[in-house]
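Structure, as structure tokens:
The values are calculated or read from the model by the stated rules, or taken from the named source; none is laboratory data. Quick caveat, the model's predicted, so the values are computed rather than measured. Positions of Cβ are backbone-derived with ideal geometry, glycine not excepted, and every protein chain shown enters the neighbour counts. Heads up: the accessible areas ignore ligands, DNA and RNA and are worked out on the full protein's heavy atoms, side chains in. Shrake-Rupley method; radii C 1.70, N 1.55, O 1.52, S 1.80 Å.
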Amino acid sequence: MASKNAADIGTRGRIIIAAAEMVSEDPRARLSVRAVAARAGISTGSLRYHFPTQRELQVTVMQTIYQVVAPDDQIKDRSQPARDRLVGCLRNILAPAGVGQEARDGWATVFRTFIAPEPTDESDAAYQALWREAQRRVEYWLSVLTEEGVLPAGDHSDHARFLMTVVNGLSIERALPADASRLAQETATLYLAVDGVLTSPRSTTTTDGESAS
């Protein structure tokens, strides 16, 4: 007979899998307690036991998805230079976009889901959840490099947003016509962006509260 802990882990896993499937089928999925519980084949009370709030469920699902897409292991491998590790992690985020038709299909889905329709609370919340978790993961990678002394201590959220903007731009380029040098150009762009972050001086704050280089 399975222990209570094993049963709890099993139920939690079923919830996360069900919610992740819903997101993969429809990025705007609201992940309501009732809908996720029905998909997982459990009661709403059981889901609430593991995830007391809808936001906690949404955050956990996004973290799980990104952990599969862009795991943290590589950034901790100090046998490789920091810049190589960070580029590798960013490439992991970029990889699922695919190239050619796969990339076109992916961006067509993004357009139909988040751009073409009138925005709603559900679509806004779904997109923000995806973006927040992607940025949080990049911020974590930068925090690892900060602990190593590669980056100075401080708030690196602006650097994370910059790197994610570069990744988004490259993913769009993958959907556009290109020649055989695309991969080399993409790699050069990632290194240029990473080097910019790793070598940029931290801004200082003036008495007026404005930033100065």
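Quick notes on this structure:
- Residues F51, F111, ordered by accessible area of protein heavy atoms at a 1.4 angstrom probe radius and largest first, appear as F111, F51.
- Positive contributions from Lys and Arg (+1) and negative ones from Asp and Glu (-1), summed over other residues with Cβ under 14 Å from the Cβ of M164, come out at +2.
- Per-selection metrics, region 75-177 (Cα): Rg and Dmax in Å: 15.7, 48
- Built from the Cα atoms of region 91-134, the convex hull projects on average onto 3.3 nm², one quarter of its surface area.
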